[in-house]
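To keep things clear, I will list the structure first and then write my remarks on it.
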Amino acid sequence: MSIVIKGGTVVTADRSFEADVLIDGESIAAVGPGLSGDTVLDASGAYVMPGGIDPHTHLEMPFMGTTAAETWESGSFAALSGGTTMVVDFVIPENENLIGALNAWEARASRQASADYSFHMCITGWSQPVFEAMEQVVARGVNSFKHFMAYKGALMVDDDQMFASFQRCAALGALPLVHAENGDIVAALQQKLLAEGVRGPEAHAFSRPAEVEGEATNRAIMIADAAGVPIYIVHVSCEQSHEAIRRARQKGMRVYGEPLIQHLTLDEGVYTHPDWDYAAQRVMSPPFRDRVHQDSLWAGLSAGSLQVVATDHCAFTTAQKRMGMDDFTRIPNGTGGLEDRMPMLWTRGVETGRLTPSEFVAVTSTNIARILNLYPRKGALVAGADADIVVLDPKAGKTISAARQTSIIDYNVFEGFEVRGLPRYTLSRGEVVWSQGRNDLPRPGRGRFIPRPAFNPVNRALSTWKALVAPRAVTRDPARMPIGV
Ligand code: URP
Ligand code: ZN
Ligand code: ZN
Ligand code: ZN
């Protein structure tokens, strides 16, 4: 059984053109004019694109004394409903048992996921077992390691631990990721605010100023450079962090920056909302910022200094958020966005002229597929690629509302936003898994783990260069050495 997507405009990261797409089994068989197949999907008036990849999710993540309520089943289906066909989730080891945690994540994901998935491994401490396990993790197809510079006393690592881990990443051909906020300063500011009686969600934003993020971003980049490894900064929320990334890239450093759709579109004003729940529902780290920062992030996407738009989907219910009713430091940090990322970015990015359709594909799919060494199996619309495809209808719109969302969370941080660019069809490895207007259901167990090999071309090029310019001892003629006294 073949499927042909007919009459649409194919959009890839480098161009747009009228073409049909023929799918045979799980893969794309051909892209071109006048194709035919057993089943026809009508794409007239729509754009046919590589499915979205969200490289930053925390489904069912145990965190801050609770567990993110969005499950692998609901979250991966919410992703498909919004045109995202693959998620990359963060494995958090307990007691530095990396392999045990990877097995636990794989068990949850493989039972429940409707969409394809992959993992990043978190490094939350440093020891010989961690050093050794990293190689096994890479052998399991996980080529990226995340480091938290914040969450002091919990997930945070310090500079010498990061340097050790980054060097290990360089040797293994893996990519370090960083949550960049100065965790010592955040912890101190939190205590100061609590002592002053500022205990509500507004204090969350006050305790995490943009400078704290800019400093940590700069420090992480310096450590990566010293270790000779590329680096990826997650949830870049402000000009200070973007500026550090921009500056490093201008110097030729291999640095990537990932703004979230939330930071591109939501304002810090949410934290002073009179309704406690409303404000707490929007507590995430880093916090939302003012328009100056949002404009900087948009500029980074069009200029190419920022490469990826993600969600950091880490969704807690209102009841869970209330754990921090008397103390903002206990509000579980995280917000959702999996099903809204693509339509929100289309509406606020492409419809406003801030992004071209090809740039939209680049930042939602192709760039991250290349960074994570998934390309062209994912992130590409070419013969041989997995048939992960979204048929995006620029006229189909909705008002975002928790009451009608696919996610199981009881609110939505984009409530009331008007969006267009909904998926008419989402296909995952050749199967239609979402079609607007039909009663699609999750299909737990159909999503597959996608292994990602190490040593992507950028790692190789950087190691070659670093080896060439490495410090070397000078061999001196003994005759020219000073005579000992
Ligand atoms: O507030 C956030 N971002 N929660 C999820 C964990 C993380 O820091 O990415
Ligand atoms: Zn230390
Ligand atoms: Zn983070
Ligand atoms: Zn995160």
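The values are calculated or read from the model by the stated rules, or taken from the named source; none is laboratory data. The shown structure was predicted, so the numbers you read here are calculated from the model rather than taken from an experiment. Cβ: placed from backbone, ideal geometry, glycine included. Neighbour counts: every protein chain shown.
Here are some notes:
- Cβ pairs under 7 Å, 6+ apart, first in region 301-322 and in a helix (DSSP H, G or I), second within 16 Å of ligand 4 (Cβ to nearest atom) and among the hydroxyl-bearing types (Ser, Thr, Tyr): 320/66
- Per the listing 366, 352, the residue uniquely in a helix (DSSP H, G or I) and either hydroxyl-bearing (Ser, Thr, Tyr) or within 16 Å of ligand 4 (Cβ to nearest atom) (or both) is 366.
- Of all the residues in region 145-178, those that are closer than 25 Å to residue 461 by Cα, within 14 Å of ligand 1 (Cβ to nearest atom) and either in contact (Cβ under 8 Å) with a residue 60 or more places away in the chain or surrounded by fewer than 22 Cβ atoms within 10 Å (Cβ to Cβ) (or both) number 2.
- Taken together, the criteria exclude residue 87 from residues that are over 17 Å from the mean Cα position of the chain (by Cα) and crowded, with 24+ Cβ neighbours inside 10 Å.
- Taken together, the residues in region 266-296 that are in a helix (DSSP H, G or I), among the acidic types (Asp, Glu) and under 22 Å from residue 318 (Cβ atoms) amount to 2.
- Test: residue 413 is of a type outside the set (S, T, N, Q), assigned to a loop (DSSP other than H, G, I, E, B) and modelled with pLDDT of 95 or more: yes
- In this structure, residue 233 does not satisfy being free of Cβ contacts under 8 Å to residues at least 40 places away in the same chain, of a type in the set (A, V, I, L, M) and more than 22 Å from residue 272 (Cα to Cα).
- Considering region 111-131, and only residues there that are within 16 Å of ligand 4 (Cβ to nearest atom) and of a type outside the set (S, T, N, Q), the residue that is nearest to residue 443 (Cα to Cα) turns out to be 117.
- Of the residues making up region 74-96, those that are closer than 24 Å to residue 343 by Cβ and among the hydrophobic types (A, V, I, L, M, F, W, C) are 77, 78, 79, 80, 86, 87, 88.
- Residue 301 over 19 Å from residue 48 (Cβ atoms) and in contact with a helix residue (DSSP H, G or I) (Cβ under 9 Å, 6 or more places away or on another chain): yes
- Among the residues examined, residue 202 qualifies as among the acidic types (Asp, Glu), closer than 27 Å to residue 275 by Cα and either in contact (Cβ under 8 Å) with a residue 60 or more places away in the chain or within 16 Å of ligand 4 (Cβ to nearest atom) (or both).
- Checked against the criterion of being modelled with pLDDT of 95 or more, under 29 Å from residue 448 (Cα atoms) and out of contact with any Asp or Glu (no Cβ under 9 Å at 6 or more places or on another chain), the candidates 351, 359 yield just one match: 359.
- Screening 181, 211, 215 for residues that are buried (at least 24 other Cβ atoms within 10 Å of the Cβ) and either of a type outside the set (A, V, I, L, M) or assigned to a helix (DSSP H, G or I) (or both) leaves exactly one candidate, 181.
- Yes/no for residue 442 being touching a Lys or Arg at 6+ places or on another chain (Cβ under 8 Å), assigned to a loop (DSSP other than H, G, I, E, B) and either surrounded by 14 or more Cβ atoms within 10 Å (Cβ to Cβ) or acidic (Asp, Glu) (or both): no
- Some residue of region 447-468 being crowded, with 17+ Cβ neighbours inside 10 Å, on the phi > 0 side of the Ramachandran plot and not in a helix (DSSP H, G or I): no
- The set of residues from region 1-21 being of a type in the set (D, E, K, R) and either out of contact with any helix residue (DSSP H, G or I) (no Cβ under 7 Å at 6 or more places or on another chain) or within 21 Å of residue 430 (Cβ to Cβ) (or both) comprises 6, 18, 20.
- Wholly within region 1-45, strands (runs of 3 or more DSSP E) carrying at least 3 residues that are of a type in the set (A, V, I, L, M, F, W, C) and crowded, with 16+ Cβ neighbours inside 10 Å: 2-6, 20-24, 27-32
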